[in-house]
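The values are calculated or read from the model by the stated rules, or taken from the named source; none is laboratory data. Being a predicted model, the structure only gives us computed values, none of them experimental. Here Cβ is always computed from backbone atoms with ideal geometry, including for glycine, and neighbour counts include all displayed protein chains. Accessible surface areas use protein heavy atoms only, side chains included; no ligands, DNA or RNA. Shrake-Rupley method; radii C 1.70, N 1.55, O 1.52, S 1.80 Å.
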Amino acid sequence: VQLQACGGGLVQPGGSLRLSCAASGTLFSIDAMGWYRQAPGHERELVAVIFRGGDTTVADSVKGRFTISRDNAKNTLYLEMNNLKPEDTAVYYCNARSVRRMDFWGKGTQVTVSS
């Protein structure tokens, strides 16, 4: 499984960004896809995940501001981020987890929220 994330950038507080993650390879074994982020000096943390059946889980810190979705026809995962805050600044990583709990990671995309 290969994952290619894009869409990061510099945005002012209160602004919006949409991250995309294109997936390719052996996808039938994927049970869930999600977004993680890692800020300097912090551990990587889960932002949002969408499961095979469509259920989603979103971290409390971004609930009501971030939305995870997918386009199965395009094999693409999205993260819509609204009302961004400086504390959302991090490198965002796309993740895919197989039914055997094997993790696949894309290269990160930098999101910087600053005025």
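Compute the distance in nm between two label points, each set 7 Å from the Cα along the Cα-to-Cβ direction, one at residue 20 and one at residue 98.
2.7 nm
Check the straight Cα-Cα distances from residue 63 and name the lysines below 17 Å, setting aside those fewer than 8 residues away within the same chain.
85
Just want to confirm a number: the relative contact order over the chain, from Cα pairs under 8 angstrom separated by 6+ residues, in percent.
It comes to 37 percent, rounded to a whole number.
Name the cysteines of the chain that stand alone by the Cβ rule: no other cysteine Cβ under 4.7 angstrom.
Those would be 6, since no other cysteine Cβ in the chain comes under 4.7 Å of theirs.
Just to confirm the filter: which chymotrypsin sites (Phe, Trp or Tyr not before Pro) across the stretch 15-115 are DSSP coil and have at most 15 other Cβ within 10 angstrom of their Cβ?
28
Based on alpha-carbon atoms only, what is the radius of gyration of the stretch 41-84 relative to the globular estimate 2.2 N^0.38 Å?
Normalised by 2.2 N^0.38 Å, the Cα Rg of the stretch 41-84 equals 1.24.
Accessible area per residue of the chain at 1.4 Å probe, in Å²?
About 56 Å² of surface per residue is accessible.
With a 1.4 Å probe and every protein chain kept in, tell me what percent of the accessible surface of the chain is carbon plus sulfur.
Heavy-atom surface of the chain belonging to carbon and sulfur, 1.4 Å probe: 48 percent.
Using the alpha carbon gyration tensor of the stretch 12-90, what are the three equivalent-ellipsoid semi-axes (square root of 5 times each eigenvalue), largest first, in whole Å?
23, 14, 12
Considering every Cα-Cα pair within the stretch 61-115, what fraction, in whole percent, is farther apart than 16 Å?
Counting every Cα pair in the stretch 61-115, those more than 16 Å apart make up 55 percent.
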